[in-house]
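The values are calculated or read from the model by the stated rules, or taken from the named source; none is laboratory data. This structure is a prediction, so every number in the text was calculated from the model and none was measured. Quick reminder, even Gly has a Cβ in these numbers, built from the backbone with ideal geometry, and neighbours come from all protein chains shown.
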Amino acid sequence: MNYVGIDIGGTFIKAGLVDENGGIVKKSSVPTLATRKWERVMDDIVAQINRLTAGAGYAAVGVGSPGAIDSANGVVEYSPNLFWKDVPLAKYISGALGKTVKVGNDANVAALGEAKFGAGRDYSDVVMLTLGTGVGSGIVAGGRLFEGYRSMGAEIGHMVIREDGEPCGCGRRGCLEAYASATALVRDTLSAMQIAKNSLMWEECGNDLNKVDGRTSFAAAKRGDEAAKRVVAAYAKSLAEGIINIINIFRSQAIILGGGVCAQGDALLNPVREYVAKHRFGGSESLATDIITARLGGDAGVIGAACLVME
Ligand code: BGC
C-alpha cells in the first residue's frame, strides 16, 4: 500500500507518494505562497494530492507543517513562518479527499523519517535539525519521538543563543533560528557584501543581490575569499553553539542536519564538529556525538510525513 506525505515549507510544498519501505514512487512541488488565506493553500494541497495520485491508490495522508501542532486534533495552532493561527488542517483536507489525514510538526516528522529509513536507523537517540526558512528540530529519545506536552515542544530553533541578538520570526531576539537558518545565512551574506565590495561573493551571485542564497558565501569561501570565510565561520559557530546546548541536554548519539545548507558537506561539518568537540560539556575527552547529514536529503519531510499514517 502507498501513502501520501506532504511537507509544507515556507517556500515550497512538497508532496510524495511513498511506499511502505519509505521509497518515493512519485513526487511534486508547488510554491507555498504563504501570505494567502490558509484555505487557498489547503486547496492547492488537495489539488496537488489529486494530481499526484491520479490513477494510483493510497491509504491516507500525513502532513508535516512548521509551527506548534496539536497533532491529536490535526490543528496548526501557531506557525509564524506561515502566518497561521488555529488552522484545522486535518479536517479541511480530509473533508476534501475523504481520507484519514494526520498532521505533525515538519521537523518532528523529518526526524521520524530519518530515524525509520535514513541516517538515524542505527541510533536510538538522535536530534535532527532542519536548516531552512526556519530552524526546525525533532527529538528521538530511546527510539521514540519526544514532542512535549500536546506535541508543542521540541522547538530547539527558538532556544536563545545570544541574548538581545538578531530578531527572530517568533517575536524574540537571539534565537538559534536567527543565526543558523538559511534565511539568517542569506541576511549575513548580504550584509558582508555591503562592506566587502570586492568580495568574490559578488561574482558568485552575478552581481545580483536577488540571487544570493545559502550557497553564495560557501562558494566564495572555497575560492579563498576572506569576507566569505568570515560569514561561513560565524554561521558554523552559531550552529555549533546550538548543537552544544542540545548535546549538553540530551547527550544524543547523533545530531542529524537537514536542509539545503547541508549540501555544503564537510565545508560546514568540519568547523562545526571541531567547535563542538572542544566546547561540549566534558570537552573532547567526553562521550562523542556523531554530527552527520540527513540521508533522505530533501525527501526526509515527505517520507516522514507518510510515516505518520503508516501504522
Ligand atoms: C518553527 C518550527 C519549524 C521550523 C522549520 C520554526 O520557525 O517554529 O515549528 O519546525 O521553523 O520549519
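For the range 68-97, filtered to residues that are under 21 Å from the mean Cα position of the chain (by Cα) and β-branched (V, I, T), the residue that is nearest to the ligand (Cβ to nearest atom) is I69. Which residues, taken from the range 261-304, are in a helix (DSSP H, G or I), under 13 Å from the mean Cα position of the chain (by Cα) and closer than 14 Å to A110 by Cα? Answer for the range 261-304, where residues must be in a helix (DSSP H, G or I), under 13 Å from the mean Cα position of the chain (by Cα) and closer than 14 Å to A110 by Cα: G297, G298, D299, A300, G301, V302, G304. Here L185 fulfils each of the conditions (1) out of contact with any Leu (no Cβ under 9 Å at 6 or more places or on another chain); (2) under 15 Å from Y235 (Cβ atoms); (3) within 15 Å of the ligand (Cβ to nearest atom); (4) not β-branched (V, I, T) apart from (1). Note on the range 289-311: residues that are surrounded by 16 or more Cβ atoms within 10 Å (Cβ to Cβ) and without any contact (Cβ under 8 Å) to a residue 24 or more places away in the chain total 0. Filtered by the rule that a residue be among the β-branched types (V, I, T) and assigned to a helix (DSSP H, G or I), the range 69-104 gives a lone residue, I93. Does A107 satisfy the criteria of being assigned to a helix (DSSP H, G or I), within 13 Å of the ligand (Cβ to nearest atom) and at negative phi? In short, yes. On inspection, V261 does not qualify as farther than 30 Å from K26 by Cα and either buried (at least 21 other Cβ atoms within 10 Å of the Cβ) or in contact (Cβ under 8 Å) with a residue 40 or more places away in the chain (or both). Among all residues of the range 201-210, there is none that is within 16 Å of the ligand (Cβ to nearest atom) and at pLDDT 95 or above.
When each of D86, D7 is tested for being at positive phi and modelled with pLDDT of 95 or more, the lone residue that passes is D86. Evaluating E204 against the criteria (1) touching a residue at least 12 places away in the same chain (Cβ under 8 Å); (2) farther than 21 Å from Q264 by Cβ leaves one unmet condition, (2). A residue that is over 25 Å from G62 (Cα atoms), out of contact with any helix residue (DSSP H, G or I) (no Cβ under 8 Å at 6 or more places or on another chain) and part of a loop (DSSP other than H, G, I, E, B) can be found somewhere in the range 145-166.
Could you please find all residues in the range 53-67 being within 16 Å of the ligand (Cβ to nearest atom) and in a loop (DSSP other than H, G, I, E, B)? Result: P66, G67.
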